[in-house]
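Comments concern the structure below.
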Amino acid sequence: VPPGNLVTVLFQLGEMATATESLDGSTFEVLGAELGYKIEIVSLEDEDKELLESFDIAFEVEEDEEDLQIRPPVVTVMGHVDHGKTKLLDAIRKADVTAGEAGGITQHIGAYQVWTEHDDIERAITFIDTPGHEAFTAMRARGADVTDIAILVVAADDGIMPQTIEALNHAQAAGVPIVVAVNKIDAEGANPDKVLQQLTEYGLVAEEYGGDTMFRRVSALKGEGINELLDAVLLTADAGLDLRANPNRQARGVAIEAKLDKGRGSVATVLIQSGTLRVGDAIVTGTAYGRVRAMVDEHGEHIEEAMPSRPVQVQGLSSVPRAGDSFIVTDDDRTARQIAEKREAAERNAQLAKARKRISLEDFTKALEDGKIESLNLIIKGDVSGAVEALEESLLKIEVDDTVQLRIIHRGVGAITESDVNLATIDNAIILGFNVRPDTKARERATREGVDIRFYSVIYNALDEIESSLKGMLKPEF
Ligand code: GDP
């Protein structure tokens with residue numbers, strides 16, 4: 001069904017959408033029913049499941065009760081800007097009871113683990129070292145739920161702010177329990193009680209008010225209240241979360257952060273979710289694969305193996321995975337490589353299919369000859385309205401065979417914007433820019449969608465090019 005029709009039918013159904021927009025499954029089903037099609041929704045997950053199963057690898061592992069062992073909770077710190085998320089992550093790092101001379105120095109690898117004393121037992125907690133709900137949401141969007149508990153930081157001298165609410169909404173939507181860190185209690189004008197009151201309205205009721213959310217008053221700056229906060233995290237973990245994993249199997253997990261390092265090549269921090277990862281293991285994460293050549297922890301120390309909830313920086317991958325890509329260990333390198341290659345091919349195909357739908361001026365003649373296209377759709381953007389009008393008028397005067405139509409679907413003054421590109425994708429149009437250029441977003445989108453944008457600074461040149469392509473594309477007579 002041509003994208004334009006889809007948009008029209010959607011519009012009639014009361015849904016304003018462009019052809020490149022994402023819609024939810026139920027909208028697709030209604031759309032399909034309306035057009036007389038049966039819609040089958042296949043998620044990327046389903047596709048990947050099929051791929052893995054073709055290699056005899058289970059998409060999700062099922063564990064026997066008796067193989068499960070307790071694992072540390074994984075925590076993300078969220079909250080409004082400047083409320084002290086970064087400072088708190090620093091203070092927590094310093095509170096590590098195992099921090100010796102070497103332990104004191106930490107490196108940013110995207111996540112770290114600290115040890116804390118809880119009921120006379122030393123226990124570990126893993127922190128995602130990228131504060132904020134943006135990273136959290138981006139990972140979830142990729143299907144990766146890594147966070148067990150969220151620490152919501154609220155500055156006592158500022159109270160709840162828009163991003164406080166946003167963050168707690170995201171955590172609640174993900175079903176992740178929240179521990180509130182009322183920060184900056186040392187600051188002038190700090191009013192921790194007010195924070196407690198304010199958050200009751202959002203369903204976070206403190207224990208002292210009869211609720212079950214743990215609030216801890218801290219000063220990230222002075223390092224006060226940090227142990228109590230860590231205690232609250234472990235209490236929350238023990239109270240309602242069944243945080244267990246089987247360490248005795250091939251490792252699986254998620255890539256948290258990755259980059260290309262000059263000397264070491266691709267370095268990716270992965271969080272182990274089950275099993276144990278060892279140096280020498282063959283792994284695949286997203287479209288990156290390889291053997292684990294070395295593993296480095298948050299202190300920069302080389303380690304040989306990593307157990308569930310442990311973040312480690314892995315060296316030896318063929319390329320840089322994306323945050324949120326899952327990883328699995330495979331029996332051999334070949335399997336890892338084949339899975340990665342199949343995923344890459346699937347991605348490339350999806351990209352190509354997208355770009356192939358669009359048309360360039362050069363493709364036009366051919367499409368017309370094949371009887372596939374009868375009109376050339378144009379969008380004109382120019383720096384001054386006089387030029388846009390002049391160009392439009394002259395274009396409409398081009399004389400062509402009446403089987404071919406030239407349609408100017410949109411015109412305007414100013415830079416070529418993303419919405420122009422959107423329109424072009426829907427109506428398969430070509431964009432003419434007269435003394436104007438696309439902004440960055442528009443350019444990126446056009447490249448991604450395969451939209452042809454042409455630039456002119458002389459009206460005659462534009463006319464000449466369009467005319468010859470229109471003439472060249474006249475339907476051959478039989
Ligand atoms: P983020 O944007 O949430 O990561 O906030 P930062 O951690 O960068 O902190 C913002 C500012 O608040 C910095 O100037 C910190 O020094 C300051 N700050 C953070 N925690 C505290 C605290 O406990 N007390 C006081 N007085 N200032 C703090």
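Ligands, DNA and RNA left out, the accessible area of the stretch 8-65 computed with a 1.4 Å probe is 48% carbon and sulfur.
Calculated [222 nm] ellipticity per residue, helices only, for the chain: -11000 deg cm²/dmol; basis is -39500 (n - 2.57) per DSSP H run with n ≥ 4, divided by all residues, nearest 500. For the stretch 124-199, averaging the sequence separation of C-alpha pairs within contact (under 8 Å, six or more residues apart) and dividing by the residue count gives a relative contact order of 35 percent. In the chain the longest region clear of trypsin sites (Lys or Arg not before Pro) that are loop-assigned by DSSP and have at most 12 other C-beta atoms within 10 Å covers 39-221. On a per residue basis, the chain carries 50 Å² of accessible surface, using protein heavy atoms and a 1.4 Å probe. For the pairs Lys49/Lys259; Lys94/Lys194; Lys38/Lys259; Lys87/Lys259, note any where the Cα-Cα span goes beyond 31 Å. Pairs exceeding 31 Å: Lys38/Lys259. Counted residue by residue at 0.36 nm each, then reduced by the alpha carbon distance between them, the extension gain from Ser54 to Ala141 reaches 28.8 nm.
Using Cα pairs closer than 8 Å and at least 6 residues apart in sequence, work out the relative contact order for the chain, in percent.
On the way: 938 pairs, mean separation 58.2, N = 478.
Relative contact order, the chain: 12 percent.
Using alpha carbon centroids, what distance separates the stretch 120-145 and the stretch 181-258, in Å? If you average the Cα positions of each part, the centres end up 13 Å apart. Rounded if a/c is under 1.5, else prolate if a/b is larger than b/c, else oblate: which is the chain, with a ≥ b ≥ c the root eigenvalues of its Cα gyration tensor? Here the chain falls in the prolate category. Judged by the gyration tensor of its Cα atoms, with axes a ≥ b ≥ c, the stretch 1-101 is oblate; a/c meets the 1.5 cut and b/c is at least as large as a/b.
Rounded, prolate or oblate: pick one for the stretch 120-210, where a ≥ b ≥ c are the square roots of the eigenvalues of its C-alpha gyration tensor, a/c under 1.5 means rounded, and failing that, prolate if a/b is larger than b/c, else oblate. Prolate, because a/c is 1.5 or more and a/b exceeds b/c. Under 5 Å from the amide H of Ile39 lies no amide H of any residue 5 or more positions distant or on a separate chain, with H modelled from the backbone and absent for Pro and chain starts. Note that the stretch 107-112 has calculated 3J(HN,Hα) couplings of 10, 7, 10, x, 6, 8 Hz, one per residue in order, obtained from phi through the Karplus relation 6.51 cos²θ - 1.76 cosθ + 1.60 (θ = phi - 60°); glycine and proline are x.
Here's the picture: charge each Lys and Arg Cβ at +1 and each Asp and Glu Cβ at -1 in the stretch 190-312, and of Tyr202, Thr285, Thr269 the one pushed furthest to the positive end of that dipole is Thr285. Taking DSSP loops as anything outside H, G, I, E and B, show the longest stretch in the chain free of GluC sites (Glu not before Pro) there with at most 15 other beta carbons within 10 Å. Segment 64-187 is the longest.
Would you please give the FRET efficiency between Leu13 and Ile459, computed as 1/(1 + (r/R0)^6) with r the Cβ-Cβ distance and R0 = 41 Å, to the nearest 0.05? Approximately 0.50, to the nearest 0.05. Across the stretch 15-171, Cα pairs under 8 Å and at least six residues apart give a relative contact order of 27 percent. Here's the picture: a label point sits 7 Å out from the Cα of Ser385 along the beta-carbon direction, and within the stretch 434-449 the residues with their amide nitrogen under 19 Å of it are 434-436.
Looking at the chain alone, DSSP beta bridges between its own residues are antiparallel in about 55 percent of cases.
The values are calculated or read from the model by the stated rules, or taken from the named source; none is laboratory data. If you're wondering where the values come from, they're calculated on a predicted model, not measured in any experiment. For neighbour counting, all protein chains shown are included, and Cβ atoms are generated from backbone atoms with ideal geometry for every residue, glycine included. The protein model used for the area step is the full one, side chains on, heavy atoms only, and it has no ligands, DNA or RNA in it. Shrake-Rupley method; radii C 1.70, N 1.55, O 1.52, S 1.80 Å.
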